[in-house]
Amino acid sequence: MIIDFCAFIGNWPTYPVSGDPEVVQDTLSNYGVSQILVSSLESAWCRNPHRCNDLVYRAAETLADIWPVPILDPTIATWKSALHQARTFVPELHPQKRVHLVRLLPTYSPYDLSQADELLKSLVEAKLGVIIQTRLEDPRRQHPLAQVPDLPAGEVAAVAEQYPALKVIIGGTRTGEIRNLQRQLMDQPNLYADISQVDGLDVIKVLVNDGLVDKLLFGSHIPIFTPHAAIARVVCDLDDGTPNAVAAISKIFSGNAGRILD
């Protein structure tokens, strides 16, 4: 079983992607991904990102493997109603697929995470977790008139420390930042990192050898990235005599998700 914590549907403005919900589900299912936590790509470029969450909810209503991760923005007045929609969403055909997580895109609105305090407190009360996205697109691929800086992963770790009852996932961060946050990740039970944008030689093996195997979550970053590369990175990096390789692969693909998705 594979659970994907970093998947998207919809369109991307700077180059074409295959973000149709059916295509995303079919592509990932071919690789054994059976639970796809999906957000809307279009929310990143919409002044009110809450309006784009309907695409995610509709996909979750009709597609068995799609689980909704709505995007919330604390600087938009409708965030409370968007949170209420997330809390009360129960798809008729798949009633078990309630919302477990929301996603924040602070560099796209943009806003400082200190402006999200009320929203974060509300998430604790609602017993929802949060993915705070540090990057959607490599700066080298961004349109020159649409430059969006990365969010320092340390700011996400600070949120986890400030709200110990809130499950916090660092979304889309790079290898070096995960390694630099090794102590915080190991000391803070509520802090995790997805591996959708890590890179480097034997990167998963390196992170596992750093003692972080219980803190890593699989993410494909589909449709901007290809899922084949994301899955191969885990399997190949840990398939060369790494001690307890099978157990480590299982934790990254799905085991660690249990502490987040109940």
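Brief remarks follow.
- Figure legend. Inter-residue proximity from the stretch 82-100: first residues over 16 Å from Val130 (Cα atoms), second residues among the acidic types (Asp, Glu), beta-carbon distance below 8 Å, spacing 6+ or different chains. Indicated pairs: Pro91/Glu61; Glu92/Glu61; Leu93/Glu61; His94/Glu61.
- Hits in the stretch 224-233 (condition: in a helix (DSSP H, G or I) and among the aliphatic types (A, V, I, L, M)): Ala229, Ala230, Ile231, Ala232
- Residue that is surrounded by the most Cβ atoms within 10 Å (Cβ to Cβ), among those in the stretch 224-262 that are polar (S, T, N, Q) and at pLDDT below 90: Thr242
- Selection from the stretch 12-34 of residues that are surrounded by 13 or more Cβ atoms within 10 Å (Cβ to Cβ) and closer than 26 Å to Trp79 by Cα: Trp12, Gly19, Asp20, Pro21
- Considering residues of the stretch 102-137 that are β-branched (Val, Ile, Thr) and touching a residue at least 40 places away in the same chain (Cβ under 8 Å) only, the residue nearest to Glu42 (Cα to Cα): Thr107
- Output for the stretch 203-246, where each listed residue is of a type in the set (Gly, Ala, Ser) and more than 15 Å from Leu37 (Cα to Cα): Gly211, Ala229, Ala230, Ala232, Gly241, Ala245
- For first residues located in the stretch 10-36 and without any contact (Cβ under 8 Å) to a residue 12 or more places away in the chain, partners that are loosely packed, with under 13 Cβ neighbours inside 10 Å and aliphatic (A, V, I, L, M) and lie 6+ apart or on another chain with Cβ distances below 9 Å do not occur.
- Among residues of the stretch 234-248, those that are out of contact with any helix residue (DSSP H, G or I) (no Cβ under 6 Å at 6 or more places or on another chain) and in a helix (DSSP H, G or I), counted: 5
- Taking the stretch 195-223 as the range and being surrounded by fewer than 22 Cβ atoms within 10 Å (Cβ to Cβ) and either among the hydrophobic types (A, V, I, L, M, F, W, C) or outside any helix (DSSP H, G or I) (or both) as the test, the residues that pass are Asp199, Gly200, Leu201, Asp202, Val203, Val206, Asp210, Gly211, Leu212, Val213.
- Counting only helices (runs of 4 or more DSSP H) that sit completely within the stretch 1-91, those holding 1 or more residues that are of a type in the set (Lys, Arg) correspond to 53-62, 79-88.
The values are calculated or read from the model by the stated rules, or taken from the named source; none is laboratory data. The structure displayed is predicted, hence computed values, not measured ones. Cβ: placed from backbone, ideal geometry, glycine included. Neighbour counts: every protein chain shown.
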